[in-house]
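Below: the structure, in structure tokens.
The values are calculated or read from the model by the stated rules, or taken from the named source; none is laboratory data. From a predicted model like this one, the values you see are computed outputs, not experimental measurements. Here the Cβ positions follow ideal geometry from the backbone for every residue, glycine too, while neighbour counts run over all protein chains shown. Side chains are part of the model used for accessible areas, which takes the heavy atoms of the whole protein and leaves out ligands, DNA and RNA. Shrake-Rupley method; radii C 1.70, N 1.55, O 1.52, S 1.80 Å.
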Amino acid sequence: MRKRAIVVGSGAGGATVAKELQGDFDVTVLEAGKDFRRATLERGSIERLRRSRLLVDPHLLRLVYPPIRIRRTPDMLLVNGVGTGGTTTMATGNGIRMDEDVRALGLDLDREFEEITREIPITTAHQLRWHPTTRHLFQTFDDLGLDPVALPKMGDAARCRHCARCMLGCPYGLKWDSRTVVTRGIVGHQFVPADLVVLAAGGFGTPAILERSGIGCEPTLFVDPVLTVATRVPNAWQCNEIEMPFVVQRDGYILSPYFDWISSLFHPQWRHRLQDIVGIMIKLADENVGSVSGKKVHKLLTPADRSRLDEAVGVATEILARFGADPHDVFLGTVHAGHPGGMLPLTEASASVVHDDRLPENVFVADATLFPRSLGNPPILTIIALAKRVARICAGKDAGIRSRPAGRPSR
Ligand SMILES: Cc1cc2nc3c(=O)[nH]c(=O)nc-3n(C[C@H](O)[C@H](O)[C@H](O)COP(=O)(O)OP(=O)(O)OC[C@H]3O[C@@H](n4cnc5c(N)ncnc54)[C@H](O)[C@@H]3O)c2cc1C
Ligand code: SF4
């Protein structure tokens, strides 16, 4: 009889593991959320809501966008997706390889990344249809010697309609998300026996499950905080452009043009018409200091995070000034973050088997909880690559490394 595997979570990691284990195991995906439903708000109704001043609490977003979960810490909002597809459904589609840290630990994921390029379309074709504001911004970044590069997007980027709704769920189904791989999971309370359990409940969810199971993680949570620096430019229409069309890599942060929905909806200072706002996102590689305990997340910006953020705000302000803005008209958004991970970090000892000794032998983790530190960059492709390796090890298919046969009894 075929062995049974339980995969917890249907986001980037869970969907990948579930797909890869099919055939070797009977796979059941446990998903805490319901089927994904995108937010269908049009610009006119969004503007009316903003003018009504009813939008005071970001938690209210769930009323029109049920899969989004927003938590508040003193320094930032934490965002993730709960539902089929996990947070991939609200991602902005960026697909870049970021495995230098795990490679430094001796984990070579070349084979997995090669598979990914065959399975997921990833292109920069969207740049052929960039709006004038984006082209002008690209030129401005370039003039300042910042070396901007178009961001590869997962999905059918050539047909992208540049509507800026990526975070609210692509209305045209053009953006890749992990529902392409797993369409449904089991939702609700059931007892499901299994020979193998793979946890991929995300950087907040997996440590919470481990804690409830008596397995302590480390207080090394990172989240990649985002802060948008914005200004008013009449009829810039960045609210109708693909999110993050290009990127600049800096030491400890990235910069990218971004229409910030969270700040536009909830920040009291963001009162300009949507079409008149131009923003540059700072995404920080934060220090891994923080933790998850039960439903609570403890995460503050450290002095080093703040100083790097200040430096980045200075650079973004200079870009907007060169773009034509008066630096006095520049305003900041709400710090929010959606790339959690790092609480069961891989080490030189655990990297080759992608398994931490604290876990029972038939329990694996397959999400960013394993990352040794923040990427400060889009993590989905690297999570998928890691999840592929986890699946290969569980199925005993990886000849190059010590394989742990799944299904052995727990300690
Ligand atoms: C606004 C936004 C934009 C982003 N854009 C990008 C981007 O462009 N490119 C990129 O690479 N990354 C992006 N990210 C980050 C990326 O989406 C996540 O890092 C990635 O989806 C994490 O994958 P995961 O499988 O670890 O977790 P998730 O995708 O979060 O999936 C975890 C799943 O587990 C489920 N779950 C949690 N707890 C339980 C439980 N106890 N039982 C059962 N199920 C449970 C959740 O409901 C969820 O479906 C973005 C994030 C945000 C918030
Ligand atoms: S910009 Fe619009 S059409 Fe393009 S991927 Fe994002 S949501 Fe889809």
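What does the extension gain come out to for Arg48 and Leu128, with contour length at 0.36 nm per residue minus their alpha carbon separation?
Numbers: separation 80, 0.36 × 80 = 28.80 nm, distance 3.28 nm.
Full extension of this stretch gives 25.5 nm more.
Roll a 1.4 Å probe over the protein chains and send me the accessible area per residue for region 115-158 in Å². Before the final figure, lay out the partial values.
Values: 2250 Å² over 44 residues.
The answer is 51 Å² per residue.
For region 160-298, give me the percentage of DSSP beta bridges that are antiparallel, rounded to the nearest 5 percent. Write out the running numbers ahead of the final one.
On the way: 18 of 19 bridges.
Around 95 percent antiparallel, to the nearest 5.
Mind ranking 211-222, 17-28 by how tightly packed they are, going by the mean number of other C-beta atoms within 10 angstrom, highest first?
17-28, 211-222
Return the FRET efficiency for the residue pair Asp26, Glu114: r is the Cβ-Cβ distance, R0 is 22 Å, and the value is rounded to the nearest 0.05. Walk me through the numbers on the way to the answer.
Details: r = 28 Å, r/R0 = 1.27.
The computed FRET efficiency comes out at 0.20.
Quick one: give the max-minus-min coordinate of the C-alpha atoms of the chain along each principal axis, largest first, in Å.
Computed over the Cα atoms, the extents are 66, 41, 41 Å.
Cut-off under 18 Å on the C-alpha distance; same-chain residues fewer than 8 positions from Lys3 excluded. Which lysines are left, in chain and number order?
Lys19, Lys397
Which order do the peptides 251-260, 5-14, 107-116, 367-376 come out in when sorted by mean C-beta neighbours inside 10 angstrom, highest first?
5-14, 367-376, 251-260, 107-116
What's the extension gain from Asp142 to Arg159 if we count 0.36 nm per residue and subtract their Cα-Cα distance?
Between Asp142 and Arg159, full extension yields an extra 3.5 nm.
Does a label point 7 Å from the Cα of Glu318, set along Cα-to-beta-carbon, have any residues of region 136-161 with amide nitrogen under 13 Å, and which are they?
141-147
When the convex hull of the Cα atoms of region 1-148 is projected onto a plane and the area is averaged over all directions, what value comes out in nm²?
Over all viewing directions, region 1-148 projects a mean Cα-hull area of 14.4 nm².
Run lengths n ≥ 4 of DSSP H only: what is the helix-derived mean residue ellipticity at 222 nm for the chain, with -39500 (n - 2.57) per run over all residues, to the nearest 500?
-7500 deg cm²/dmol
What is the ratio of the Cα radius of gyration of region 155-222 to 2.2 N^0.38 Å, where N is its residue count, to two decimals?
Cα-based Rg divided by the globular estimate yields 1.59.
Can you tell me the 0 to 90 degree angle between the C-alpha axis of helix 303-323 and the longest principal axis of the chain, rounded to 10?
The answer is roughly 40 degrees.
For Val226, what is the net charge nearby, where nearby means another residue's Cβ is under 11 Å from its Cβ and Lys, Arg count +1, Asp, Glu -1?
-2
Expressed as an acute angle from 0 to 90° and rounded to the nearest 10, what is the orientation of the C-alpha long axis of helix 110-119 relative to the principal long axis of the chain?
Approximately 70 degrees, to the nearest 10.
All other residues with a Cβ under 13 Å from the Cβ of Thr134 taken together, and with Lys, Arg as +1 and Asp, Glu as -1, what is their net charge?
Residues close to Thr134 contribute a combined charge of -1.
I'd like the Karplus ³J(HN,Hα) series for region 140-154: coefficients 6.51, -1.76, 1.60, θ = phi - 60°, whole numbers in Hz, and an x wherever there's a Gly or Pro.
So the J values, rounded to whole Hz, are 5, 4, 5, 4, 7, x, 8, 6, x, 10, 4, 8, x, 10, 8.
Calculate what fraction, in whole %, of the accessible area of the chain sits on carbon and sulfur atoms when a 1.4 Å probe is rolled over the protein chains.
Details: 8850 of 17160 Å².
Accessible surface attributable to carbon and sulfur in the chain totals 52 percent.
With the other protein chains left in place, how much accessible area per residue, in square angstrom, belongs to region 241-294 at a 1.4 angstrom probe?
Per residue, region 241-294 has 25 Å² of solvent-accessible surface.
Provide the percentage of antiparallel DSSP beta bridges, counting only those with both residues in the chain; round to the nearest 5.
In the chain, DSSP labels about 65 percent of beta bridges as antiparallel.
Lysines near Lys283 by alpha-carbon distance under 27 Å, same-chain residues fewer than 8 away left out - which ones?
Counting by Cα, and skipping residues close in sequence, Lys283 has these lysines nearby: Lys153, Lys175, Lys295, Lys296, Lys299, Lys388.
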